[in-house]
Every structure is written in C-alpha cells, then in structure tokens.
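The values are calculated or read from the model by the stated rules, or taken from the named source; none is laboratory data. The shown structure was predicted, so the numbers you read here are calculated from the model rather than taken from an experiment. Neighbour counts run over all protein chains shown; Cβ positions are idealised from the backbone, glycine included.
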Amino acid sequence: MKTIALYSLKGGVGKTAAAVNLAFEAAQAGKHVLLWDLDPQGAASWYYGIDESPDISAKRVVSGKEPLGRYIQPTDYERLSILPGDRGYRDWDAQIHAAKQPRKVLENLIEPFSESYSLLVLDCPPGIGALATSVLRAADRVLVPVVPTPLSLRALDEVLEHVDDKKVGKTRVTPFFSMADRRRKMHREMIESPPATMKKAPKTFIDYSTHVEQMGAHRAPISVYAPRSRAAAQYRALYEEIS
Ligand SMILES: Nc1ncnc2c1ncn2[C@@H]1O[C@H](COP(=O)(O)OP(=O)(O)O)[C@@H](O)[C@H]1O
Ligand SMILES: [Mg+2]
C-alpha cells in the first residue's frame, strides 16, 4: 500500500479538493483506495456525502485498544472507502505525545489497512503538531498545494524545513501549483519562472476553476458531474504523474 498525504501549513490552498479528486481518480484507475479525512471539520467526508462525525475515541484508538478500521465507510463509488473526519482529531496531538512510542503511532494504525487497500490518501488539516509530524513520517509522498503567491511558497519552505528537522526519512515532498489563475500577473510570473523549491513539481498544475468551487453544490468528485472539464482532466493528469 502506498500512502500519499495532502499537507500544508496553510488552509484554503486546495488540499481537500485535491484529496477528494485524486482519491477518486486513483479508484477509477483500479486502485483500492482509502481516503482518511484527518481534518476535524470533515470537509472531504462531507464532499463524499457523509454528514456525521463518527465520534472516534482518540484515547482508545491511539493506544491500540480499538481498531480504527471499524470506522471506515463505503462511498457511492467502486473501490473507494473513507475514514470520516472527526471532531476528536483535535485531541490526537496530546494522545500521540502520551503514547509509548509516539513515532510509531500512525504507522501502527495504518499498517492493517494494507490488507485491503493499495492506496491510502490522507487529507490533513493545516498546521504542525504531533499528528502532522506523524503523517510526514508515515507517508511515502507528501503533496503540498502551492498557490502561486509568496505566502504560499513560504508555507512550502516551512514544510521542507520541518521535514529536515524531524528527519522524517524516506518521505518525498512534492509541491504542485494549485488554484493557479493565469489572468493574474503574480501567478503568471511565478508559474513561468518557478522558484527552486518548485523545480521538481509535476508538470500538471490545478487551475483556478468554477468546477472545483461547485464541488460543494454537487457533493461529488469533479469527474462525476463535469467529466470533460479541464479541472477533471488536471486532477487525472496529476494522479498519473504521481502514481
Ligand atoms: N482549483 C480551485 N479553483 C477554485 N476554487 C478552489 C480550487 N481549489 C480549492 N478551491 C476552493 O477553495 C476553498 C478551499 O479549498 P480546500 O480544498 O478546502 O482547501 P484546504 O483543504 O487546503 O483548506 C474551497 O472553497 C474550494 O472549493
Ligand atoms: Mg482541507
């Protein structure tokens, strides 16, 4: 099982939009996908039609007393399951700190999923805490959406520094341009001459698109309601580049 995380220190940069759509494209491509919505606000789950928080006990799950897998739900789509967002994720930082082997917590929780899934997609909340650090360590690849603006790039630099500091090992950090609006001079300039940290970014970037905005109205991945849109094609292409 491969694990990819959508992560940034910044909110509102397109993490959840990417997690929802990349998970869907992977399932379409034949992978058995689990989307784990790690955000207490549960936006990814909401887009997949889930309205309720499952009330996961942070203490019981993090200590290994209760299997996390029991909270997994099917989606309306083949080969795609979801572990819904939960208010209780706010307590996970403290629980992870208190664990006997904090570094191993997330890896141990994820390990059983490899029996049923070939891809795990983690949609992370913004910020750096014990849970985020565990994600950086457990993921094979961390995808960082970068809006082509200086502030968003600064957030990427901080992620790269954090990854260095914490010696998270084999994790690859892959930034990609997100919400790019070529009508804006600043966006155009940054896309045309990207800074060094973006040099290894995939060719594909995600444009600013009304089709992405409409996800909230449709509560479905873009390929379901606008399969021929540029946004759907871009998420598909991005998935192909990183898979
Ligand atoms: N490519 C895009 N084009 C237009 N709007 C977008 C795009 N990506 C995200 N959005 C919108 O921006 C807001 C934040 O996106 P979201 O994916 O939830 O960010 P994050 O998970 O990083 O906080 C949402 O309202 C979403 O619909
Ligand atoms: Mg989000």
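Results, tabulated for the structure shown:
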{"read-out": "Number of the condition not met by residue 160 [criteria: (1) surrounded by fewer than 18 Cβ atoms within 10 Å (Cβ to Cβ); (2) more than 18 Å from the chain's Cα centre (by Cα)]", "value": "(2)"}
{"read-out": "Odd one out for residue 75, checked against (1) more than 16 Å from ligand 2 (Cβ to nearest atom); (2) under 24 Å from residue 205 (Cβ atoms); (3) among the hydroxyl-bearing types (Ser, Thr, Tyr)", "value": "(2)"}
{"read-out": "Wholly within segment 157-243, helices (runs of 4 or more DSSP H) carrying at least 2 residues that are out of contact with any helix residue (DSSP H, G or I) (no Cβ under 8 Å at 6 or more places or on another chain), free of Cβ contacts under 8 Å to residues at least 24 places away in the same chain and within 16 Å of ligand 1 (Cβ to nearest atom)", "value": "210-213"}
{"read-out": "Residue within segment 86-104 that is modelled with pLDDT of 95 or more and away from ligand 2 (no atom under 16 Å from the Cβ) present", "value": "no"}
{"read-out": "Filtered residues of segment 1-21 (kept if within 15 Å of ligand 2 (Cβ to nearest atom), outside any strand (DSSP E or B) and out of contact with any Pro (no Cβ under 9 Å at 6 or more places or on another chain))", "value": "16, 19"}
